[in-house]
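Take a look at the structure below.
Each value in this text was obtained by applying a stated rule to the coordinates, not by laboratory testing. Just so it is clear, the model here is predicted, and its values are computed rather than measured. No Cβ is skipped: glycine too gets one built from the backbone with ideal geometry, and neighbour counts run over all protein chains shown.
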Amino acid sequence: MTATAPAPSPARAARATAYLPRLALVLAALLASLFTAASPASAHAALTASDPKDGAVVATAPAQVTLSFSEQVAMGDDSIRVMDPQGKRVDTGELRDMCSGSTVRYGTALHSGLPNGTYTVAWQAVSADSHPVSGAFTFSVGAPSATSVSLPDRQAGGGPVGVVYDIARYAAYAGFTVLVGGAAFILLCWRRGSAERPLQKLVVRGWVTLTAATLAMLVLRTPYTGSGKFADVFDLDGLQAVLETKTGASFVSRLLLLGAAALFIAVLFGAYARRQKTSLEAVDGAGDGTGAEAEAEAADEAEKETSDLAFGLAIGGTVVAGGIAATWALAEHASTGIQPGIAMPVDILHLLAVAAWLGGLVALLVALHKVPDIEREAVQRFSKVAFISVLVLTVTGVYQSWRQLGSWSALTGTSYGRLLIIKVSLVAVLVAIAYLSRKWTGRLGEVRSTEDAEAGATGEEPAEVLAGADVSRETSTGSGSGSDAGADADPRRAAQLARQRAAREKAREKQVRDADPGRAGLRRSVLAEAGVAVVLLAVTTVLTSTEPGRAAQLETNRSTAGPAVPNRAVKITLPFDTGGQNGKGAVRLELDPGRVGANTLHLWADGEDGKPLDLPEIKIAFTLPAKEIGPLPVAPDRDAPGHWSASGVQLPLAGEWRIDVTVRTSDIDQTTVQKNVKIG
């Protein structure tokens, strides 16, 4: 006989058809997160300029060293160190805040009379998004020389301290996800789960993990952003300095909110669990046909009180969860760059959606494995919560990508972009597995209802009820038997019987659990979801500590940018008219090689007749308005009638420079002419 597959029922076909538009919407939004055009945004601070420039050779020792950044940074007196070729510090150790408007610039003064040679500048700072940044470069006075100073290879936030700190960050995100997601699963999907021991343990462990990780990051913050030595966790002055920063304030706020979360957990698993149990018992008593009208009213009253308490817990839990999520949003990427007023609430929603989906998924997995009689309605409610969470994640994720990527090329050309592609791919895989879980959920409902209908038609109880009754009868019979009565006098025998009863109960629970193929399939698909979710959470954590695409490309462009102009001398001609006798003519200027660093300047003055004009005085000044540098005066030497020159003319940065030439043809006749040139 050939087996024929049963045709799908109209109800199942309708459900599958209803799911397809939702799945298409989710996938379309996920693809949009990859192909949405992005505009520049700022996050990790990047060093955009320095004076002297990296590798520059200056004629005389500068009075100070200045550093310019792409965004606000936190620096201390020891954040910029300048060392001579022998490794001796030559800076004064006093930080100069030279920030003005949108320009972020810090500097440190140097001691006077520095000899020629190569000097090393090492710096470290903390970005506005709480991540440490550091670097080093060299410049030379007079000419390059040998130096005993090696550029540091350890980046800020690296080493063993960085590893431990990163582990704490992973643990904090995981703890938050389990804490918030587990509590949301109980209140939104399965209120009876508040009295189930496995779920109680899960949520409490999430709270403990988040609290311990936050404390670890707080005490490790000083060595993480500074020396990199574990011994500095006992530096009380450093801890006080951390508490005065935005990151330290976020840690303290999180710990205070975790205190409120502890109270929430106590009420959820204490008073609420008891009321939920009482309400269920009252409803069962009123529905068995043996109670009076008073029992029905009492059941309604108990159910109303339970619902009121659940509503209060939901409001309070949302406020506490949102506050904890805000401690990340206020201290990391969302608080910097463009539109922080929009980005921070969006980031809070993103974190809450992650917790509701992935944390609820973990809670469902625990319930399916540890509580065999979880109702199918609870699974269906979680399916709806997960779908809404995915929509919120998609919308907020698209916006975050728009802020942080910076350009199309950053999607594949930076670590942040590549991690984002991996994250979106994992989300797509997770959505696909979740779709399979939805199918198993629908099949679970059909199988369960079929079994119940068949049991009702034959006058029998469903398999799970019978199994539970068998366990109850066996337990009650065993406890009253003579062997158990005799075992009371023998503690070893009593313990052995208790273990046997526990083993039988566990075996029966497993038998009931595995007897339902829909439930077994759902368990497998949810387990697969949880496995992908763990990887997704790890990638997300790495993403939050990775330099966003815009900032990474800014540094790449700065380090690989070629000359702004061809490598040839700058030659310009400037006509002038001082208004006096023989006051008209032209100045021919040549700047060789016309690049950043040392240049040789030549000037020729010609009269109206084209012959050399020997001027009483001529002065030059260079200004870079975009960087607020200058005017840098140059006093050329007279080489011959109508010809002046100057060597070692230093131009520290590339850009559009303005050259001002002041010409004096008599004691009272003078004029200044100017022209902009591009210096590479």
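Pairs of Cα atoms nearer than 8 Å and 6+ residues apart set the relative contact order; for region 47-150 it is 34 percent. Couplings for region 597-605, taken from phi via the Karplus curve 6.51 cos²θ - 1.76 cosθ + 1.60 with θ = phi - 60°, read x, 7, 9, 10, 10, 10, 10, 10, 10 Hz in order; Gly and Pro are left as x.
Each residue of region 115-123 is assigned a 3J(HN,Hα), and the resulting list reads x, 5, x, 9, 10, 10, 10, 10, 9 Hz, derived from the Karplus form 6.51 cos²θ - 1.76 cosθ + 1.60 (θ = phi - 60°), x at Gly and Pro. Its alpha carbons considered, region 101-216 gives a radius of gyration followed by a Dmax of 25.0, 79 Å. If R0 equals 22 Å, the separation of the Cβ atoms of I338 and K246 corresponds to a calculated FRET efficiency of about 0.75. In this simple spin-label model, placing a label point 7 Å from the Cα along the Cα-to-Cβ direction at both A63 and V319 gives a separation of 5.7 nm. Annotation: peptides 391-404, 252-265, ranked by per-residue average of other Cβ atoms within 10 Å with the highest first, follow the order 391-404, 252-265. Cβ-Cβ distance of S227 and I167, R₀ of 25 Å, FRET efficiency by 1/(1 + (r/R0)^6): the value works out to about 0.85.
Remark: for residue pairs K584/K678; K53/K675; K584/K611, the C-alpha separation exceeds 19 Å in K584/K678; K53/K675. Working note: Cα gyration tensor of region 165-288, eigenvalues times five, square-rooted, sorted largest first, giving semi-axes of 40, 12, 9 Å. Remark: spin-label model distance S100-D577 equals 3.5 nm, labels positioned 7 Å along the Cα→Cβ axis.
If the chain linking L263 and D614 were pulled fully straight, counting 0.36 nm for each residue of separation and taking away their Cα-Cα distance, it would gain 117.4 nm.
Highest mean packing comes first when the peptides 199-210, 240-251 are listed by Cβ atoms within 10 Å, giving 199-210, 240-251. Among residues other than P633 with Cβ under 11 Å from its Cβ, the summed charge is 0 (Lys and Arg +1, Asp and Glu -1). Cross-link partners for K277 among the lysines, with Cα-Cα distance under 29 Å and sequence neighbours closer than 8 places in the same chain left out: K201, K304, K370, K384, K506, K510.
Summarising the label geometry, the points placed 7 Å from Cα in the beta-carbon direction at A538 and H643 lie 7.2 nm from one another. Put simply, the amide H of R96, placed in the peptide plane, has neighbours under 5 Å in G107, T108, leaving out anything fewer than 5 places away on its chain. Packing around the peptides 664-673, 119-128, taken as the average count of other Cβ atoms within 10 Å per residue, puts them in this order, highest first: 119-128, 664-673.
For region 96-213, what is the relative contact order in percent, using Cα pairs closer than 8 Å and at least 6 residues apart in sequence? Relative contact order of region 96-213: 18 percent. For region 575-680, GluC sites (Glu not before Pro) meeting the loop criterion (DSSP other than H, G, I, E, B) and having at most 15 other Cβ atoms within 10 Å: E608, E628.
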